[in-house]
1. If we keep just the residues of region 194-210 that are at pLDDT 85 or above and touching a Phe, Trp or Tyr at 6+ places or on another chain (Cβ under 8 Å), which is surrounded by the fewest Cβ atoms within 10 Å (Cβ to Cβ)?
2. Which residues, counting only those in region 138-157, are open to solvent by 90 Å² or more (accessible area, probe 1.4 Å) and under 23 Å from the mean Cα position of the chain (by Cα)?
3. Within region 99-113, restricting attention to residues that are under 20 Å from the mean Cα position of the chain (by Cα) and assigned to a loop (DSSP other than H, G, I, E, B), which residue is farthest from T128 (Cα to Cα)?
4. So F190 ticks every box in (1) farther than 30 Å from F216 by Cβ; (2) without any contact (Cβ under 8 Å) to a residue 40 or more places away in the chain; (3) hydrophobic (A, V, I, L, M, F, W, C) but one. Which box is left unticked?
5. Return only the number of the condition from (1) open to solvent by 40 Å² or more (accessible area, probe 1.4 Å); (2) touching a strand residue (DSSP E or B) at 6+ places or on another chain (Cβ under 9 Å); (3) more than 18 Å from R164 (Cα to Cα) that H72 does not satisfy.
6. Any residue in region 203-222 that's within 18 Å of L183 (Cα to Cα): show its pairings with residues that are open to solvent by 70 Å² or more (accessible area, probe 1.4 Å) and at pLDDT below 95 at Cβ separation under 8 Å, as long as the two are six or more apart or on different chains.
7. Could you figure out which of (1) under 26 Å from R38 (Cβ atoms); (2) open to solvent by 30 Å² or more (accessible area, probe 1.4 Å); (3) modelled with pLDDT of 80 or more isn't true of I168?
8. Among residues belonging to region 120-132 that are out of contact with any helix residue (DSSP H, G or I) (no Cβ under 8 Å at 6 or more places or on another chain) and touching a residue at least 60 places away in the same chain (Cβ under 8 Å), point out the one that is surrounded by the most Cβ atoms within 10 Å (Cβ to Cβ).
Amino acid sequence: LPATMLLFAFAGLGGRLCFLQIVEHEKWLQESERNTERLFLMEPRRGEILDANGNPLTTSLPIKRVFANPRHLGPRYADAARLLAPLLNWEERALAERLCPVICGTNRYGQPVTNAFVNLRRKVNAETWQQVTQAMTQLTRHWVQSAGNRRLTSSEAVFYRGLRSSAIYAVDDYDRAYTCNRLASHVIGFAQDLELKFNQRTVFQIQGLAGVEAWFDNKLKGIRGWRQTETDNKRQELVAYRDAYLEPKPGL
């Protein structure tokens, strides 16, 4: 009898494996690709405007643009707001409302999902961003230590990993600076940071709106780069599985 039950158990497992790997192969392949494949967009450095002697009248300075994923913050959003508000120049209550997870729909299994994208602050320098990352690391460590000596469950471990690595994140960006203040401003014009849609994603791009900035916008803005790759469960790139890479081309 035990041998018969064991035989039926292995037969059931074998049938289940065949069903998953043959009948539902395409379904789970697509699910795997959605979970691991990532498209990273890289904004180009906008070109400078020079005077007749080659001195820059405008330039682009490297900065960070900071975002949040409320889905990874979960019920800890108020603690994060209290810590990050002075660093990002936010009022604490307003930042808590911004970071609070809000149900925005359901997944294909009918389960509710929350918002996963919040634009927090642009024009953040490297020093401030380092303070933000250190603060989030310390806050995550404090939350883990508050659990005491008990072992974290697998769901808790996944939550805290996402909290540390993806709840607050930044992308490289540029800020347009006018080195001569208002000198010839009516000729140079100005450029503004605009929110655009690219390949069903929200991107931000500096676009000329007046003067030379607008007249030569196509030459100044450069060409956006991109990287198609795969990531592990910590959202870190697996370079060996990188499919394509196009370096951003700076503007003229």
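The values are calculated or read from the model by the stated rules, or taken from the named source; none is laboratory data. Bear in mind that the values here come from a model prediction, so they are computed numbers and not experimental data. Positions of Cβ are generated from backbone atoms using ideal geometry, with glycine treated the same way; all protein chains shown enter the neighbour counts. For the accessible areas, the whole protein counts, side chains as well, though only heavy atoms, and no ligand, DNA or RNA atoms are used. Shrake-Rupley method; radii C 1.70, N 1.55, O 1.52, S 1.80 Å.
1. For region 194-210, the residue satisfying everything is L209.
2. The answer is Q138, R141.
3. Looking at residues that are under 20 Å from the mean Cα position of the chain (by Cα) and assigned to a loop (DSSP other than H, G, I, E, B), I get V102.
4. Only one criterion in (1) farther than 30 Å from F216 by Cβ; (2) without any contact (Cβ under 8 Å) to a residue 40 or more places away in the chain; (3) hydrophobic (A, V, I, L, M, F, W, C) is unmet by F190, namely (1).
5. (3)
6. Correct list of pairs: G208/F190; L209/F190; L209/Q192; A210/F190; G211/H186; G211/F190; E213/F190.
7. So the condition that I168 fails would be (2).
8. Going through the qualifying residues, I end up with W129.
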